[in-house]
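Student: Just dropping this structure here.
The values are calculated or read from the model by the stated rules, or taken from the named source; none is laboratory data. All figures in this text were calculated on a predicted structure; none of them were measured in a lab. When we count neighbours, we look across all protein chains shown, and the Cβ atoms used for this are built from the backbone with ideal geometry, even at glycine.
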Amino acid sequence: MGGGCTWHGIVEAMIRTSHSNFIGDISYDPEGSMFCARSSNLEALKCVAQCIRSAVTDSTVMQTALDNADKSIIE
């Protein structure tokens, strides 16, 4: 598994492509091996958790998110 920036790219891609209603509600603060998403919207944070869960448990979801990720975020 990648570090915090990789997870930022994965989650951001999943939110952007499948849950765009939460784009403005989530901010990211990845560092090294740590990923952090912040929001005052509990539903947005639950969506982040579900995105991570889906990516971890389904390699197709993970690959699709990586394919759609902003390369400047994950590199």
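Student: Residues to consider are Arg53, Arg16; find the one that is free of Cβ contacts under 8 Å to residues at least 40 places away in the same chain and of a type in the set (D, E, K, R).
Tutor: So the residue among Arg53, Arg16 that is free of Cβ contacts under 8 Å to residues at least 40 places away in the same chain and of a type in the set (D, E, K, R) is Arg53.
Student: I'd like to verify a number: residues in the range 1-33 that are acidic (Asp, Glu) and touching a Cys at 6+ places or on another chain (Cβ under 7 Å), how many?
Tutor: In the first step, residues of the range 1-33 are kept if they are acidic (Asp, Glu); the result is 12, 25, 29, 31.
If we keep only those that are touching a Cys at 6+ places or on another chain (Cβ under 7 Å) too, we end up with 29.
Counting residues in the range 1-33 that are acidic (Asp, Glu) and touching a Cys at 6+ places or on another chain (Cβ under 7 Å) gives 1.
Table: residues versus (1) assigned to a helix (DSSP H, G or I); (2) of a type in the set (Phe, Trp, Tyr); (3) surrounded by fewer than 13 Cβ atoms within 10 Å (Cβ to Cβ).
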{"site": "His8", "(1), (2), (3)": "yes, no, no"}
{"site": "Val11", "(1), (2), (3)": "yes, no, no"}
{"site": "Ile15", "(1), (2), (3)": "yes, no, no"}
{"site": "Phe22", "(1), (2), (3)": "yes, yes, no"}
{"site": "Ser40", "(1), (2), (3)": "no, no, yes"}
{"site": "Leu45", "(1), (2), (3)": "yes, no, no"}
{"site": "Ile52", "(1), (2), (3)": "yes, no, no"}
{"site": "Met62", "(1), (2), (3)": "yes, no, no"}
{"site": "Ala65", "(1), (2), (3)": "yes, no, no"}
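Student: In addition: Among the candidates Glu31, Glu75, Glu12, Glu43, which residue alone is among the acidic types (Asp, Glu) and under 11 Å from the mean Cα position of the chain (by Cα)?
Tutor: Glu12
Student: Let me ask something additional. Scanning for something at positive phi, out of contact with any Leu (no Cβ under 7 Å at 6 or more places or on another chain) and either of a type in the set (Gly, Ala, Ser) or modelled with pLDDT of 95 or more (or both), does the range 28-40 turn up at least one residue?
Tutor: yes
Student: Tally time: how many residues in the range 26-38 are surrounded by 12 or more Cβ atoms within 10 Å (Cβ to Cβ), assigned to a loop (DSSP other than H, G, I, E, B) and out of contact with any helix residue (DSSP H, G or I) (no Cβ under 7 Å at 6 or more places or on another chain)?
Tutor: Summing the residues that are surrounded by 12 or more Cβ atoms within 10 Å (Cβ to Cβ), assigned to a loop (DSSP other than H, G, I, E, B) and out of contact with any helix residue (DSSP H, G or I) (no Cβ under 7 Å at 6 or more places or on another chain) in the range 26-38 gives 1.
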